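The values are calculated or read from the model by the stated rules, or taken from the named source; none is laboratory data. It should be emphasised that the depicted structure is a prediction, and the values quoted were computed from it without experimental measurement. We place every Cβ from the backbone using ideal geometry, glycine too, and count neighbours over all the protein chains shown. Surface areas here come from the heavy atoms of the whole protein model, side chains and all, with no ligands, DNA or RNA. Shrake-Rupley method; radii C 1.70, N 1.55, O 1.52, S 1.80 Å.
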Amino acid sequence: MKAWQKASLIGVLLLMLLGLLGYHIQQYPAVRWLVLWILPMSLTYTTDSNGERLHVDTPYYVREWPRTFSTNYFDGEILSMEAAEQRSGLASVAINDDQKIAYRKTKRVKREPYTSPIDYERFGIKVNGIYFFGLDADGQINRLLTIEQALLEPVYIKANIHVAKVRSAEKVIRTEIGPAYFSYWPDNGPLKTIRGFYVKSNGYKRSWLFTYTQQEKDESDHEIKSQAQTTPFTADIPLKILGIKADGRYLLGVLPDGSAGFPRPELDALEDQRHIELWVADGQVYRATLITFVTTGENWTSYDKDGNYLKRWGYDIENGRKVEWQQKFDRSVGQRGGEWVPPRPQDQDDD
């Protein structure tokens with residue numbers, strides 16, 4: 001038999017086997033269950049504690065538990081949006097192609113009673129349920145939100161409407177938000193860097209970059225503290241050119257010449273030193289504010305080859321003056337294997 005004849009025969013036999021397997025999968029649930037159980041065993045993927053699979057580069061809401069981020073791999077439970085919305089501390093995570101955590105984005109909120117009247121009829125609400133509303137620049141309800149949209153808002157109203165009556169309502173105010181991005185050494189290696197920041201509702205911002213060696217030892221830390229300063233933005237904002245068509249809140253980039261740039265994702269805008277908060281109403285610029293993060297302090301930490309503390313140094317801006325400082329880690333004192341000498345009161349919150 002010639003080679004091409006053998007190849008043709010093998011191909012026909014494989015098709016017959018596949019057809020037979022497909023028939024049995026359709027006819028016998030036990031066979032279908034066995035195939036669906038065996039096939040994933042040959043694949044590498046991540047599941048949460050309930051067996052739900054995480055897909056690459058897809059954000060999932062999770063509890064803000066330290067154990068969730070204690071390794072390079074996700075170890076926790078995926079939350080539904082309904083469960084996520086009820087939490088005061090929340091994180092979203094995504095994994096990369098190597099199944100390791102690519103980033104986590106955290107936020108905290110506070111809740112307070114909302115007693116102002118809610119004209120829900122203007123939004124066509126006729127069914128009992130929980131509803132979410134967005135606010136305009138003056139804090140007035142101006143639109144109906146999905147739960148997914150509400151989770152992205154800095155402030156929103158949550159109302160329980162039943163039998164044409166508002167049973168209860170609360171104002172949910174975000175108090176802190178920030179991401180952390182993870183990178184790894186090549187060839188599926190250990191953690192290389194953690195870069196991130198968080199911003200509080202009072203304008204305080206803390207940014208950091210932590211680096212690690214290929215031996216999984218601490219290498220260096222760099223942190224920057226800053227405070228937001230706001231001024232009215234009075235230059236022209238060409239809404240049509242920037243592609244802004246709907247009313248609402250937008251965060252714009254700032255171009256090198258100081259003019260308004262295109263709308264940016266919120267975390268991208270907050271990471272920059274400057275951005276513009278724009279409110280649009282009735283198709284016009286209602287309010288525009290330039291927000292600038294001004295550095296108030298910066299510090300670095302170094303480690304030895306074994307990942308042990310060596311020294312910390314930096315500066316703080318105090319009453320307009322730059323005050324430099326430096327510390328060494330003394331392992332002969334303290335209750336936890338050493339302390340920074342001399343201690344600084346302003347380090348207590350950081351630690």
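How much length is gained if the chain between Thr146 and Tyr181 is pulled fully straight, taking 0.36 nm per residue apart and subtracting their Cα-Cα distance, in nm to one decimal?
Values: separation 35, 0.36 × 35 = 12.60 nm, distance 2.75 nm.
This chain segment gains 9.8 nm when fully extended.
As a quick test, which of the pairs Lys105/Lys200; Lys100/Lys305; Lys200/Lys311; Lys110/Lys165; Lys107/Lys217 have an alpha carbon distance above 21 angstrom in this structure?
Working: Lys105/Lys200 14 Å; Lys100/Lys305 25 Å; Lys200/Lys311 28 Å; Lys110/Lys165 25 Å; Lys107/Lys217 28 Å.
Beyond 21 Å: Lys100/Lys305; Lys200/Lys311; Lys110/Lys165; Lys107/Lys217.
Quick one: which of 88-96, 301-309 comes out on top by average Cβ neighbours within 10 Å, and what's the full order, highest first? Don't jump to the answer; show the numbers that get you there.
Values: 88-96: 18.8, 301-309: 14.2.
In decreasing order of mean packing, 88-96, 301-309 become 88-96, 301-309.
What is the Cα centroid distance between the range 118-188 and the range 196-242, reported in whole angstrom?
When both Cα centres are located, 25 Å separates them.
Which percent of the accessible heavy-atom area of the range 282-340 goes to carbon and sulfur, probe 1.4 angstrom? Write down the numbers at each step before the final one.
Numbers: 1730 of 3950 Å².
Roughly 44 percent, rounded to a whole number.
Which of the peptides 225-237, 262-274 is most tightly packed, and how do the rest follow, judged by the mean count of other Cβ atoms within 10 Å per residue? Intermediate values should be presented prior to the final figure.
Working: 225-237: 14.1, 262-274: 15.6.
So the order, starting with the most tightly packed, is 262-274, 225-237.
Roughly how many percent of the accessible protein surface of the range 186-265 is carbon and sulfur, given a 1.4 Å probe and a whole-percent answer? Walk me through the numbers before you get to the answer.
On the way: 2440 of 4710 Å².
Here it works out to 52 percent.
In the range 101-196, which trypsin sites (Lys or Arg not before Pro) fall in coil by DSSP and have 15 or fewer other Cβ atoms within 10 Å?
Lys126, Lys165
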